[in-house]
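Below: the structure, in structure tokens.
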Amino acid sequence: MLEHAKPDQLVELVLPYLWAALVDGRVPANVCVDACLTLRNAYGQLGARAELLAVDLAVQHKDGGGTRYGSLTASWTGTSWNGHCVLVLPDSERFVDATVEQFEEVREIGMGPMVGKVALSTRGDGSMMEPGAQVVLRRGDLLLRYTVAGPGAVASIVEHPEAAAHADDHRRTGVNVASFAPVALRGEGVRGRAMQAPYPRLRALLRAVGDAPYEADEAGDVRFRLPDQDGREQWMRLDEIPLPSSVPAAWPRL
């Protein structure tokens, strides 16, 4: 996967696969919501801006039949969100569906998360794409047609008490997912290209982490053994690693 990726594709590709590996086949309720909010934080830790996009998804077979998932008017039923959502990375115009394999016909192909290139046109209200706009991607013999819901659908996700109640979990898990990125990207044949990626924060983290050992603590948080500002070695989370003041802050920036 990473061996043939271009520098500007490495971050977009690696994080959805790292998230999928951590989930390890589990499909919890609200899987797309949890994945998007987690990966939004993970991308942000590496300096890549990512935003949610609520969509309707039609999966079409080569014989013309298919199934529709999600909704253009998605809503909550108790603590369950009835819809589908993805991420867009506006600075690189990438479209990420980390949970596309929750749908059986897509899962049978076995290619993992969906990452595609898409033309974005940010509107005055801050939304990434016009409501009703479509993104069409191919997965094997399937045609995946995503239709964008209005900005109110995204607000219904992020402003709901269920999302707010798990905000700290999404951030913590996002930091842990992002922590594996420097490990995956420091390998021979990959690090040089990763250092060309258009994300100053990622490049600074790669330099800071280097070949440092890492492990998960008792709470499950990934930590690297690195010298602190006084030169004493400490076990640090990715978001605790001191970086030069010139390095951009992580997203989201409140």
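What tally of residues in segment 217-234 results from selecting those that are in contact (Cβ under 8 Å) with a residue 12 or more places away in the chain and farther than 23 Å from Ala50 by Cα? Within segment 217-234, residues that are in contact (Cβ under 8 Å) with a residue 12 or more places away in the chain and farther than 23 Å from Ala50 by Cα number 8.
Total residues in segment 219-243 satisfying the condition of being part of a loop (DSSP other than H, G, I, E, B) and either among the small types (Gly, Ala, Ser) or over 25 Å from the mean Cα position of the chain (by Cα) (or both): the figure is 7. Scanning segment 71-95 for residues that are over 23 Å from Ala165 (Cα atoms), open to solvent by less than 50 Å² (accessible area, probe 1.4 Å) and in contact with a Gly (Cβ under 8 Å, 6 or more places away or on another chain) yields Ser71, Arg94, Phe95.
In segment 236-254, the residues that are on the phi < 0 side of the Ramachandran plot and surrounded by 10 or more Cβ atoms within 10 Å (Cβ to Cβ) reach residues that are among the β-branched types (Val, Ile, Thr) and outside any helix (DSSP H, G or I) with C-beta atoms within less than 9 angstrom, at least six apart or across chains, in these pairs: Arg237/Val222; Leu238/Val222. Pick from Val136, Val115: which is without any contact (Cβ under 8 Å) to a residue 12 or more places away in the chain and either open to solvent by 20 Å² or more (accessible area, probe 1.4 Å) or in contact with a Cys (Cβ under 9 Å, 6 or more places away or on another chain) (or both)? It is Val136. Here segment 1-26 is the region considered, the condition is being at pLDDT 85 or above and aliphatic (A, V, I, L, M), and the residue that is farthest from Asp91 (Cα to Cα) is Leu18. Filter segment 138-176 for residues that are at pLDDT 95 or above and of a type in the set (A, V, I, L, M) and give the result. If the condition is that a residue be at pLDDT 95 or above and of a type in the set (A, V, I, L, M), then Leu142, Leu143, Leu144, Val175 are the ones that fit.
With respect to (1) at pLDDT 90 or above; (2) assigned to a helix (DSSP H, G or I); (3) not polar (S, T, N, Q), the lone exception for Val86 is condition (2). Taken over segment 164-186, residues that are within 24 Å of Ala5 (Cβ to Cβ), touching a residue at least 60 places away in the same chain (Cβ under 8 Å) and surrounded by fewer than 20 Cβ atoms within 10 Å (Cβ to Cβ) amount to 1. Scanning segment 40-65 for residues that are part of a loop (DSSP other than H, G, I, E, B) and of a type outside the set (D, E, K, R) yields Leu46, Gly47, Ala48, Ala50, His61, Gly64, Gly65. Checked against (1) surrounded by 22 or more Cβ atoms within 10 Å (Cβ to Cβ); (2) at pLDDT 95 or above; (3) farther than 21 Å from Asp169 by Cβ, Val59 passes all but a single condition, namely (1).
In segment 199-217, how many residues are surrounded by fewer than 17 Cβ atoms within 10 Å (Cβ to Cβ) and at pLDDT 95 or above? First the steps, then the outcome.
Initial filter on segment 199-217 (surrounded by fewer than 17 Cβ atoms within 10 Å (Cβ to Cβ)): 200, 207, 210-211, 213, 215-217.
Applying the additional criterion that residues be at pLDDT 95 or above yields 200, 207, 210-211, 213, 215.
Residues meeting the conditions: 6.
The values are calculated or read from the model by the stated rules, or taken from the named source; none is laboratory data. Keep in mind that what you see is a predicted model, and the values were worked out from it rather than measured. Note: ideal-geometry Cβ built from the backbone for every residue, glycine included; neighbour counts use all protein chains shown. The protein model used for the area step is the full one, side chains on, heavy atoms only, and it has no ligands, DNA or RNA in it. Shrake-Rupley method; radii C 1.70, N 1.55, O 1.52, S 1.80 Å.
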